[in-house]
1. Round to the nearest 0.05 the FRET efficiency obtained for residue 347 and residue 58 when R0 = 51 Å and r is the Cβ-Cβ distance.
2. Only bridges with both residues in the chain count here: give the DSSP antiparallel percent, nearest 5.
3. What is the sum of charges, Lys and Arg at +1 and Asp and Glu at -1, for the other residues whose Cβ falls under 10 Å from the Cβ of residue 410?
4. From the phi of every residue in segment 87-97, what ³J(HN,Hα) in whole Hz does the Karplus formula 6.51 cos²θ - 1.76 cosθ + 1.60 yield, where θ is phi - 60° and glycine or proline is x?
5. Using modelled backbone amide H atoms (1.01 Å from N, in-plane), which distant-in-sequence or interchain residues come within less than 5 Å of residue 351's amide H?
6. Just the number, please: carbon plus sulfur as a percent of the accessible area of segment 362-432, 1.4 Å probe, no ligands or DNA/RNA counted.
7. Karplus couplings for segment 341-348 from phi (6.51 cos²θ - 1.76 cosθ + 1.60, θ = phi - 60°), rounded to Hz, Gly and Pro as x?
8. What does the charge count near residue 242 come to, summing +1 for each Lys or Arg and -1 for each Asp or Glu among other residues with Cβ under 13 Å from its Cβ?
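The values are calculated or read from the model by the stated rules, or taken from the named source; none is laboratory data. Bear in mind that the values here come from a model prediction, so they are computed numbers and not experimental data. Here the Cβ is made from the backbone with ideal geometry for all residues, glycine too, and neighbour counts use every protein chain on show. When the accessible area is computed, the model is the full protein with side chains, heavy atoms only, and any ligands, DNA or RNA have been set aside. Shrake-Rupley method; radii C 1.70, N 1.55, O 1.52, S 1.80 Å.
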Amino acid sequence: MAMVAKIAPQPVPRIAPREDLNPFRIAQIQFDLAAEYLKLDAGLRQILRTPKRVLEVSIPTKMDNGQVKVFTGYRVQHNVTRGPSKGGLRYHPGVTPDEVKALAMWMTWKTATVNIPFGGGKGGVICDPKRMSKPELERMTRRYTSEILPLIGPEQDIPAPDVYTDSQTMAWMMDTYSMTKGYSTLGVVTGKPVSIGGSEGRKDATARGCLVVVEEACKVKKMSLRGSSVAIQGFGNTGSQVARLFAEKKARVIAISDSRGGVFNSRGIDPLKAMRYKERSGTVVGMPGTSRISNDDLLTMKCDILVPAALENVITLNNADQIKAKIVAEAANGPTTPHADEVLARKGILLLPDILTNAGGVTVSYFEWVQDLQSFFWPVSEVTMKLETVMRQAFHEVHDSMRKHRAHMRTGAYVLAVGRVADATLVRGLFP
Ligand code: NAD
């Protein structure tokens, strides 16, 4: 199929003057820009800009005080044309159906960007996991899993960790699914503990993929990562590993943050000490040898590389003009609005888009799924080598696409990814 080859350079369609922070509408705007470049026909656009399935479930959960609380959860499958849907599960009080739809859609483009045989899906439960005990989280997770059970499975839809979920959450999901089926099904989730079919190298895969993308971007910008100053918003699974890996490359991590605020030291913060401090006190705020800053200060501070690694919509029209980094590497999903994209591009800031930059996680999730299906497990060196190959190739394909279409990196990535999914859709044809 020669869909991508037919593209002629197009002026970017104008987006509405008012900034809309609804993540699903943002995802659709990003898709529409790529659809214009690709000259997709109207029917195909409608198929690709809408989720395939949206399931809302209620999750009655016995709390430790004996009372029952009913949580609301979602599982969205955006697209399964190129393989089973794949995407994380988020526990957060701010989860909305539109957020889950956006995250599912971004997963479709992400798996296509790195060219792995998955579609896109996502799950979320509206809850405040910080105020729940471990037994409460386990009971809620198991009931949620049982409610979405008809939709998930190694050949259908494969969840993984996201914000405020982790390998333990995946172990409970895998066990619940397996007990219901009557046999152990390793490939139903990824990001599991290694003892039950998790992959070596999954824990830092998102960060390692981000590192490869930033290293390649530094070559393009003729910058050295060594000695560069880095500010990281969000010191969770992804952000803390980004800090560790960047520091190993002798970059200077000058600021980190979490939901309670941020800390700064111009001479550099030791990520391992910060991890230990956060483990003990639940936040990075107050870490000895640092001064306190706000999350807003972190985003606009003078640094070479800014890594948003928390939530959506943190770089908007409100602050995009004040961003001073040379590179913005989106480890989080959806941190930058389309309006802010245009401001950053005007300022000459290289934005490395989420669907490329944080795709290391889903890439090693793919490796985990392959290992589970084969019951044959790889050493970490093999996982890392394969991951770096995939990420490096994806970076250059996106960069080539960007240059070819004289667009910015996000559009380059979208044209590549949407083109792949569109090609697959056309060659399969419409059922019935
Ligand atoms: P996590 O729960 O481990 O960490 C989230 C971090 O963000 C925590 O440190 C939290 O304190 C911080 N945070 C929450 N609200 C914040 C706020 N308002 N301001 C600043 N910091 C805040 O989650 P994670 O898995 O590291 O995910 C982070 C981002 O990376 C999300 O956008 C997620 O979708 C994306 N992502 C994660 C993976 C993965 O493998 N875990 C893969 C791809 C993308």
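1. Working: r = 46 Å, r/R0 = 0.90.
Efficiency, from the Cβ-Cβ distance: 0.65.
2. Working: 25 of 49 bridges.
Once the DSSP bridges in the chain are tallied, antiparallel ones form about 50 percent.
3. Details: positive: none; negative: 330, 341, 354.
Counting the neighbours of residue 410, the net charge comes to -3.
4. x, x, 10, 10, 10, 6, x, x, 4, 10, x
5. HN-HN under 5 Å from residue 351: 328, 409.
6. Working: 2090 of 3450 Å².
Of the solvent-accessible surface of segment 362-432, carbon and sulfur hold 61 percent.
7. Once rounded to whole Hz, the list reads 3, 5, 5, 4, 4, 4, 7, x.
8. Working: positive: 203, 208, 244, 249; negative: 204, 215, 248, 330.
Net local charge, residue 242 excluded: 0.
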